[in-house]
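Bear in mind these aren't lab numbers, they're just calculated from the coordinates by the rules spelled out. Being a predicted model, the structure only gives us computed values, none of them experimental. Reconstructed Cβ throughout: ideal geometry from the backbone, glycine too, with neighbour counts over all protein chains shown.
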Amino acid sequence: MTGEATITSKSYITHHLQNLVYGELPAGYERDGHILEEATWTLAHNHEEVVEMGFWSFNVDSLGWSIFLGAIFSFFFYRVAKNVSEGTPTGFSNLVEMIFEFVDNSVKDIFHSNNKLIAPMALTVFVWVFLMNTMDLVPVDWLPVLAQWITGNPHFYFKVVPTTDPNITFGLSLTVFAMIIFYSIKMKGLGGFTSELTMHPFSSKNMFVQILFIPANFLLEFVGLIAKPVSLALRLFGNMYAGEMIFILIALLPFWIQWSLSLPWAIFHILIVLLQAFIFMILVIVYMDMAHQKDH
């Protein structure tokens, strides 16, 4: 792509930041000089069509890669668990055991209630997010150019880092948020969860004064509650998006400069890839621990 004479820096960046979107174009929409006679589900050709498709559209590349990487994680960990045996593990089994023990120790240190779901969830979050982040280390042109060659479309959009798509990061965080709400109500009861939102941080022994505090308490606690999924999603998205953008900008430089900059940045970015997966996992464990605390 960088070798095309007609491409500009703006179009190159725009192309690499555009998802492959599948959605419905409405009847009467003008496309490539033709008027659509009826609503049509199709792949978007440009950003304008993405906007026209509206909310009910799908980022095929982000969904595809996230599902594929999740399947890879499930398959290999299942194989290791199925073939586990006594004695010292070797090879990939040793790596899986190290990851498992690391996550298990993190859960034991942070989570102080009894719930057998938390450790598997933390393990899934950590490895899955790490694998999605790792796609950022693949050179920015390799897979998009391969997709263009396979489809025969030189303008084919193909983003390969799911965590640079806010739809994916918010999907993860909102799922965690739903579990926070579920366990908060399950462990504390609906009344306890409601009290948690309305009786803190301001309190008073006087019933009338306490009632006056409810709106302010609810506002403060509700903002804090909503901030959990928002911060989870935006922290992961922002860090990975910034890393991807730097790789794209480096790819615009002359070839002899690219490797002198991309290699050091890739080495540094390995820390970001791992750190963001670790932070996401730790915050999930912390939030779930808070949801299980009955004495708050």
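Given the rule -39500 (n - 2.57) for each run of at least 4 DSSP H residues, summed and divided by the residues of the chain, what is its mean residue ellipticity at 222 nm, to the nearest 500 deg cm²/dmol?
About -23500 deg cm²/dmol.
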### Query
Pick from His15, His269, His200: which residue has the top mean-square fluctuation in a GNM of the chain where Cα pairs under 10 Å get a spring?
His200
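Below 13 angstrom from the Cβ of Asn133, what's the summed charge of the other residues (Lys, Arg +1; Asp, Glu -1)?
Surrounding charge for Asn133 is -2.
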### Message
Relative contact order of the chain, please, whole-number percent, based on alpha carbon pairs below 8 angstrom and at least 6 residues apart.
### Response
23 percent
### Simple label model, 7 Å out from Cα along Cβ direction - His155 to Ile7, nm
1.5 nm
#### Entry: Proximal charge balance of Leu275 [Cβ under 15 Å; K/R count +1, D/E count -1]
0
### Summary
Result row for the chain, helices from DSSP H with C-alpha axial extent 18 Å or more and mean Kyte hydropathy at least 1.6, is 118-134, 255-292
### Task
Under a cut-off of 28 Å between alpha-carbon atoms, report the lysines in cross-link reach of Lys294, not counting same-chain residues fewer than 8 places apart.
Lys108, Lys116, Lys186, Lys188, Lys205, Lys228
